[in-house]
Every structure is written in structure tokens, then in C-alpha cells.
Amino acid sequence: MAGLLCGTKRKKQVSDLHEEGKNAINAPLLPSSIEIHPEDTLMEENAERVMLDPTSRETHKFKDLLKVLIDWINSELEEDRIIVKDLEEDCYDGQVLQKLFEKLSGRKLNVAEVTQSEIVQKQKLQTVLEAVNLLLRPHGWPIEWSVDSIHSKNLVAIVFLLVSLAMHFQAPIRLPEHVSVQVVVVKKKDGLLQTGHITKELTTTTEMMMGRFERDAFDTLLDHAPDKLNVVKTSLITFVNKHLNKLNLEVTELETQFADGVYLVLLMGLLEDYFVPLYNFFLTPESFEQKVHNVAFAFELMQDGGLKKPKARPEDVVNLNLKSTLRVLYNLFTNYKNSD
């Protein structure tokens with residue numbers, strides 16, 4: 001028994017020594033903050049593996065971006081009773097991405113509903129990503145993801161994909177600006193692991209991201225026919241006052257008087273002929289968050305009335321973005337211009 005224990009101990013010592021030697025060879029090439037998994041050491045020669053630097057994962061802006069994306073997905077897929085809590089764990093197999101793309105695009109993809117095996121999951125991802133790429137690539141979107149990167153739970157690739165979808169479909173969310181992360185690229189060369197850092201920019205400014213959207217009549221109006229802007233504003237003011245006057249309210253400035261969402265909520269009640277309970281919104285909002293709540297609630301009432309989800313973001317209306325406010329009011333004017 002003593003001999004057996006000694007033999008086992010010697011084997012463990014040899015194994016530990018081997019592991020220590022391997023770490024000693026590779027350690028100078030690896031940043032101390034990166035956790036290298038066993039599969040990384042089994043990489044084929046010249047193979048690459050990309051991972052998010054742990055320090056970037058913990059930054060406030062990146063966490064904010066993840067939360068905004070998760071809340072957006074859950075809002076879009078609420079009817080499907082899908083709840084996303086972790087982008088890496090919930091998006092890698094293609095199920096959530098399929099449902100999200102179908103909801104945003106209005107297209108039904110021919111894929112299996114339940115995917116258990118890795119092969120079927122990758123086949124499903126392939127179909128979903130082909131549809132996504134076919135939609136985004138003609139508009140100049142850089143494709144920063146692949147089937148392997150998504151399925152391997154590469155968070156940076158997943159976030160790139162979701163941010164691109166959110167911007168392309170003008171999601172009613174406000175993405176944090178200037179979110180960048182450090183990405184670690186691990187490559188195996190001559191039997192050793194070599195690493196390098198690359199900075200990836202996930203979001204830019206709101207204005208630049210908004211600029212990727214298709215231009216509409218209001219872009220043209222403000223850029224090329226500003227003299228006609230007052231005519232449009234006068235028509236919209238006449239329309240909203242026709243209804244708000246019933247509550248002894250009057251609008252003279254579109255960009256400022258709708259910014260807190262109160263008039264929008266009251267206007268929807270008047271247009272649809274119902275009383276909006278005061279506990280559903282802030283009648284005298286004081287904070288930015290309360291104003292955003294009011295505008296978002298008004299958007300919900302618009303959808304309940306059969307209108308499409310506004311392409312403007314609640315935050316942009318609150319921030320006095322004239323084009324966003326005009327888009328919302330013009331949509332109401334188009335649908336209710338003949339209402340008493």
C-alpha cells in the first residue's frame with residue numbers, strides 16, 4: 001500500500017512538474033489577467049482564439065450596453081415569453097437570435113425550433129446569420145461575427161451583431177456612446193501561445209449611429225428646404241391644438257412642449273377617446289427618467305391604437321430632437337387628421 005501511495009505521489013509530482021514547465025514557457029507571452037482554458041493549449045498550429053479582456057468586461061459603459069441590449073431583446077420577445085438574462089448563454093445556440101430577427105424583419109426563417117446537438121445548433125445559426133448578413137451587408141455594415149464566434153459564446157461578436165441589428169431597425173433604445181473594449185487574440189505558433197490586444201469600438205456617437213439609418217422626408221426637409229419647415233410645424237400645431245384645446249391646453253413650440261411626454265399622453269387619450277389614469281404617467285415630471293417614462297408610455301398607447309412602433313427614441317424626444325418629435329407627431333397627424 002505504501003508503495004502504491006508513493007507511486008501515485010510520484011506520478012502527481014511529474015504531472016505537476018510538466019504543467020509547471022508548460023506554464024513557465026507560455027507565461028511570458030500571456031497577460032496575467034487572462035484566464036487560459038485547457039482547450040486553448042490544445043489549439044492547432046497557427047489557430048487563433050479571440051476573447052474579451054476581463055478588465056473591459058467590468059467597465060461601467062460595457063455593462064450599461066449589455067443591460068440596454070438585454071432589456072431591448074426582452075421587450076421585443078415578450079409575446080414569445082422569452083426572457084434573456086445572459087447574452088453569452090442565451091444567444092449562442094441561435095434560438096433567441098432567430099426569434100429576434102423574425103420579429104424585427106417580419107420574415108419567417110425555415111429552421112428547427114428545438115436544437116439539442118451542436119451540429120443542428122450551428123446549422124440553425126448558419127441560416128440565421130446568412131439572413132442577417134444578407135440584410136445588413138448591402139447597407140455597408142461590417143460583419144464582425146461568424147457561426148463559430150457566436151456558438152463559442154464570443155461576447156464581443158454577439159454584442160456587435162445585436163448593436164448592428166438595433167441600429168439598422170432603429171430600435172427605440174438609447175445605446176451608450178463610445179463603448180470600446182480590449183480584445184485578446186491568442187494564437188498558437190511554434191507550439192507556444194502568443195497574445196496581442198486589439199481595441200474594438202462597439203458604439204460611436206448617437207448622431208453617427210443614427211446617421212446610418214435611411215434618410216426620410218424630414219431629413220430632406222431640414223437639409224434642403226428649411227423654409228418649408230415652418231409650414232409643416234404650423235400644420236402640426238394646428239392639428240394638436242384642435243384636440244388639446246378640449247382640455248384648455250395649447251401648444252406653441254413643438255420641440256419643447258412635447259419633450260416631457262405629458263402632452264403626448266393626453267393627446268393619445270383624446271385621439272382614441274379615453275381617459276388616461278393619472279397614475280400611469282407623471283403629470284409633472286421632474287427628472288429625465290420620468291420624462292422618458294412618459295414618452296415611452298405614449299408610444300405604447302400609440303401601438304395599442306394600431307400604429308407602428310415609433311422609429312424615434314423616447315430619449316431623443318426628451319432631448320429636444322426636433323426631427324424625432326416631428327416624426328412622432330406627423331405619424332399621429334397622418335392617422336388621425338380626420339378625427340373630431
Checklist entry - Do we find that Val183 is assigned to a strand (DSSP E or B), at pLDDT 85 or above and either among the hydrophobic types (A, V, I, L, M, F, W, C) or surrounded by fewer than 18 Cβ atoms within 10 Å (Cβ to Cβ) (or both) in this structure? => result yes
Next on the checklist: Can you pull out every residue in the stretch 304-318 that is outside any helix (DSSP H, G or I), within 20 Å of Ala166 (Cα to Cα) and either open to solvent by 30 Å² or more (accessible area, probe 1.4 Å) or of a type in the set (Gly, Ala, Ser) (or both)?
Outcome noted: Lys308, Lys309, Lys311, Ala312
Item to check | Complete set of residues in the stretch 251-303 that are of a type in the set (Val, Ile, Thr) and touching a residue at least 24 places away in the same chain (Cβ under 8 Å) | outcome: Thr256, Val262, Val265, Val276, Val292, Val295
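Does Tyr279 meet the test of being hydroxyl-bearing (Ser, Thr, Tyr), over 23 Å from Ile237 (Cβ atoms) and either part of a helix (DSSP H, G or I) or at pLDDT below 90 (or both)? Give the derivation first.
On the way: hydroxyl-bearing (Ser, Thr, Tyr): yes; over 23 Å from Ile237 (Cβ atoms): yes; either part of a helix (DSSP H, G or I) or at pLDDT below 90 (or both): yes.
Taking the combined requirement at face value, the residue satisfies it.
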Checklist outcome for this item: Note on Lys337: of the conditions (1) modelled with pLDDT under 90; (2) under 21 Å from the mean Cα position of the chain (by Cα), unmet is (2)
Checklist entry - Which is touching a helix residue (DSSP H, G or I) at 6+ places or on another chain (Cβ under 9 Å) and surrounded by fewer than 17 Cβ atoms within 10 Å (Cβ to Cβ), of Lys99, Lys108, Lys124? => result Lys108
Next on the checklist: Here are the criteria: (1) in contact with a helix residue (DSSP H, G or I) (Cβ under 9 Å, 6 or more places away or on another chain); (2) part of a helix (DSSP H, G or I); (3) not hydrophobic (A, V, I, L, M, F, W, C). Tell me which single one Pro138 does not satisfy.
Outcome noted: (1)
Item to check | Verdict on Val232 being in a helix (DSSP H, G or I), modelled with pLDDT of 75 or more and either open to solvent by less than 70 Å² (accessible area, probe 1.4 Å) or in contact with a Gly (Cβ under 6 Å, 6 or more places away or on another chain) (or both) | outcome: yes
Checklist entry - (1) closer than 22 Å to Lys242 by Cα; (2) open to solvent by less than 30 Å² (accessible area, probe 1.4 Å); (3) at pLDDT below 90: which one isn't true of Leu301, the others all being true? => result (3)
Item to check | Long-range neighbours under 6 Å by Cβ, at least six apart or interchain, first residue closer than 18 Å to Ser164 by Cβ within the stretch 64-78, second part of a loop (DSSP other than H, G, I, E, B) and modelled with pLDDT of 90 or more | outcome: Leu65/Val179; Ile70/Val84; Ile73/Val84
Next on the checklist: Which pairs turn up if I take residues in the stretch 317-336 that are over 19 Å from Leu307 (Cα atoms) and look for partners that are of a type in the set (Lys, Arg) and at pLDDT 90 or above with beta carbon separation below 8 Å, at least 6 apart in sequence or on another chain?
Outcome noted: Val318/Lys291
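The values are calculated or read from the model by the stated rules, or taken from the named source; none is laboratory data. Not measured: the values here are computed from a predicted model. Glycine gets a Cβ as well: all are built from the backbone with ideal geometry, and neighbour counts include every protein chain shown. Surface accessibility is based on the protein's heavy atoms, side chains included, excluding ligands, DNA and RNA. Shrake-Rupley method; radii C 1.70, N 1.55, O 1.52, S 1.80 Å.
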